[in-house]
Amino acid sequence: MNPLIIILFGAGFIYLVFQLISWTFGAGFESTRNKPLKTIIKFANPKPEEKITDLGSGSAKILLALKDSKAKLYGYEINPILVIISKIKTRKYKNIYIRWKNLWKADLKNFNTIIIFQFFHLMPRLEKKILKECKPGTKIISNTWKFPNLKPAKTEGKIRLYIVPKI
């Protein structure tokens with residue numbers, strides 16, 4: 001059998017395994033489209049001193065779109081193949097940090113803005129984590145899915161901006 005076919009099959013199998021793991025602990029990879037990306041950037045409105053995270057950063061598309069803001073940008077991704085791709089794509093930017101980590105283990109307390117594109121069934125648990133860990137005023141930008149209790153401050157298309165309230 002051709003070695004290239006074996007390598008491609010093996011890489012595809014490994015990618016599929018990690019996609020299944022991603023679906024178990026978060027959402028599988030789906031790249032953010034350009035129109036929603038523009039809204040995410042507008043809602044984030046990053047300042048140079050801020051810390052922003054993308055939970056489930058995939059191929060780092062959102063982080064790369066924010067790179068010129070000079071904010072410190074952190075991507076958390078559970079799929080090691082996407083982590084490698086992201087690290088390669090972001091290697092020349094000193095303000096982008098990619099972490100191979102489950103989003104449930106990420107400490108959110110120091111972030112000014114959190115960007116998410118997770119599935120609906122994870123939103124109740126993620127809402128509890130955000131309310132427990134984030135300081136009031138933290139911006140949460142969600143692509144597509146709604147939180148069960150938090151009300152969005154702004155909505156444009158399927159992008160929602162939430163502000164963590166004082167509890």
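The values are calculated or read from the model by the stated rules, or taken from the named source; none is laboratory data. Only a predicted model underlies this, so the values are computations on that prediction, with no experimental measurement involved. Ideal geometry is used to build each Cβ from the backbone, glycine not excepted, and the neighbour counts take in all protein chains shown.
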Spot the failing condition for R99; the list is (1) within 18 Å of I52 (Cα to Cα); (2) in a loop (DSSP other than H, G, I, E, B); (3) in contact with a Phe, Trp or Tyr (Cβ under 9 Å, 6 or more places away or on another chain), and only one is missed. (2)
Which of the residues spanning the stretch 110-125 are crowded, with 17+ Cβ neighbours inside 10 Å and modelled with pLDDT under 95? I116, F117, Q118, L122, M123
Considering each residue of the stretch 115-167, count those that are among the basic types (K, R) and touching a strand residue (DSSP E or B) at 6+ places or on another chain (Cβ under 7 Å), and give that number. 5
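Take the residues in the stretch 151-164 that are surrounded by 18 or more Cβ atoms within 10 Å (Cβ to Cβ) and out of contact with any helix residue (DSSP H, G or I) (no Cβ under 6 Å at 6 or more places or on another chain), then tell me which one is farthest from Q118 (Cα to Cα). Full working, then the answer.
Narrowing the stretch 151-164 to residues surrounded by 18 or more Cβ atoms within 10 Å (Cβ to Cβ): 159-162, 164.
Filter again for out of contact with any helix residue (DSSP H, G or I) (no Cβ under 6 Å at 6 or more places or on another chain), leaving 160, 162, 164.
Numbers: R160: 13, Y162: 15, V164: 18 Å.
Restricting to residues being surrounded by 18 or more Cβ atoms within 10 Å (Cβ to Cβ) and out of contact with any helix residue (DSSP H, G or I) (no Cβ under 6 Å at 6 or more places or on another chain), the top hit is V164.
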For the stretch 61-82, what are the residues that are part of a loop (DSSP other than H, G, I, E, B) and under 15 Å from L103 (Cα atoms)? I78, N79
A careful count of residues in the stretch 131-161 that are without any contact (Cβ under 8 Å) to a residue 24 or more places away in the chain and part of a strand (DSSP E or B) gives 2
Could you list, in sequence order, the residues of the stretch 63-80 that are touching a residue at least 40 places away in the same chain (Cβ under 8 Å) and surrounded by fewer than 17 Cβ atoms within 10 Å (Cβ to Cβ)? P80
Among residues of the stretch 81-98, those that are within 15 Å of K61 (Cα to Cα), surrounded by fewer than 22 Cβ atoms within 10 Å (Cβ to Cβ) and modelled with pLDDT of 95 or more, counted: 9
Considering only the stretch 109-130, I want to know if a residue exists there that is free of Cβ contacts under 8 Å to residues at least 40 places away in the same chain, touching a helix residue (DSSP H, G or I) at 6+ places or on another chain (Cβ under 8 Å) and not in a helix (DSSP H, G or I). yes
Hey, V83 hits all of (1) in contact with a Gly (Cβ under 9 Å, 6 or more places away or on another chain); (2) in contact (Cβ under 8 Å) with a residue 40 or more places away in the chain but one; which does it fall short on? (2)
Collect the residues in the stretch 82-96 that are more than 15 Å from T53 (Cα to Cα) and touching a Ser or Thr at 6+ places or on another chain (Cβ under 8 Å), keeping them in residue-number order. L82, I85, K89
Could you figure out which of (1) part of a helix (DSSP H, G or I); (2) among the polar types (S, T, N, Q); (3) modelled with pLDDT under 65 isn't true of T39? (3)
